[in-house]
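For reference, the structure discussed in these notes is given below.
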Amino acid sequence: MQGSFNNKAKNAAPQKTKIGIALQGGGAYGIYAKGALETLLNSKFATQTEIKAVTGTSAGAMNGALLVHGINKGGTPQALHNLDQFWVNIKTLGHTFSLINGLGPTLNPDWPNIPTHKMLLFTFAQAALPQDYALRELKQALDQEIRDIAPLQNGAAQLFVNAVRENQKKQREHVVFSGNDLTTDNIVASGALEQFGGWMVNGHKHYDGAYWRNPCFDDILKADITDLLVITLQEKPQRPTAACSQDNARQTNHAQPGHALITSEIHDHLHYVQQQHPKLNLHSIELDVAPHWNETSRINADPAWLNTLEGMGHKDAENWLKHNLALIGKKSSYQINPKPQSPLPKKP
């Protein structure tokens, strides 16, 4: 009897590490996270971990919704399908937007900034369209993959999505959607930049969650996890990071809190999280944002540029798996030291 018990114990499947995933917003850069997630889900990471919670903002909210909906509905295969089909549609929309907005043929992926003269055409073309046109297209793309809302709201994996709500007095407050409050409208609200006019949900105007936190960590840090993997989409400062929360950075550095986007503050915030939660195993996969990329590269939805970003996500996730997969469930792999900047290519 004792021998039989020991054999069963030896043959038992190893316990999976309970992990959370935090996904930043960053416009077109969001496809980098898609590439990274795709690589993770097709690796031993998927068999060694159990994704218990996901938090996301803006593009991170969309990736997070597709990931959680897929996991809860049909596991890893469904999550991969959701992510792939959504971004296939976004690439198609990107090609259409390029034609409508006068951006013309494929831009150089090595220099993804939209030239000034083409931005003027873009601005004129946008003025001829409804202000929320892009957001409505995003919602339609989400609705195609998330046809049944139940797996998004309930299941083994939880989702937390944040946005900024504006009241009748034009005052802004931070809100987090989870559980039965999750809808594709709320996901879109998390990415509603001011230039798109915001997004109405239940009679209230909502704006991009990154105006407050990018992403929000409060709920995921309370989840049943031992590890947290953060996929960042913002340039890492060329100085040592300082432990500073996003809230403190917003209150200190933003003249009008709730109106300026939280971007590179994520790196100081991760240092803060590591300091405040020493027992949490913290990990990160970071987009190496080149110093010559400007803000127009975030709205550049040209398929060639999206493919480049997606490929970077695949490559960085593969590198992360090679060096850090063995640390999952054991210790942090997050490094607070700044990364060297990528060499500046020649301007075309």
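If you check Gln246, Gln251, Gln274 for being touching a strand residue (DSSP E or B) at 6+ places or on another chain (Cβ under 6 Å), more than 19 Å from Leu37 (Cα to Cα) and polar (S, T, N, Q), only one passes: Gln274.
On the stretch given as the range 285-310, residues that are of a type outside the set (Val, Ile, Thr), under 20 Å from Lys236 (Cβ atoms) and assigned to a helix (DSSP H, G or I) total 4. Within the range 170-197, the set of residues being of a type in the set (Gly, Ala, Ser) and at pLDDT 95 or above comprises Ser178, Gly179, Ala189, Ser190, Gly191, Ala192. The single condition among (1) closer than 21 Å to Leu221 by Cα; (2) not in a loop (DSSP other than H, G, I, E, B) that Pro278 does not satisfy is (2). Candidates Ala134, Ala125, Ala156: the one that is of a type in the set (A, V, I, L, M), part of a loop (DSSP other than H, G, I, E, B) and either modelled with pLDDT of 95 or more or surrounded by 14 or more Cβ atoms within 10 Å (Cβ to Cβ) (or both) is Ala156. Would you be able to say whether some residue in the range 255-270 is hydroxyl-bearing (Ser, Thr, Tyr) and part of a loop (DSSP other than H, G, I, E, B)? Within the range 255-270, one or more residues are hydroxyl-bearing (Ser, Thr, Tyr) and part of a loop (DSSP other than H, G, I, E, B).
Note on the range 209-240: among residues that are modelled with pLDDT under 95 and under 21 Å from the mean Cα position of the chain (by Cα), the one that is nearest to Val176 (Cα to Cα) is Gln234. Before we move on, is Lys52 among the basic types (Lys, Arg), modelled with pLDDT of 95 or more and either within 26 Å of Ile299 (Cβ to Cβ) or assigned to a helix (DSSP H, G or I) (or both)? No.
The values are calculated or read from the model by the stated rules, or taken from the named source; none is laboratory data. These numbers were taken from a predicted model, which means no experiment stands behind them. Please note: Cβ atoms are built from the backbone with ideal geometry, for glycine as well, and neighbour counts cover all protein chains shown.
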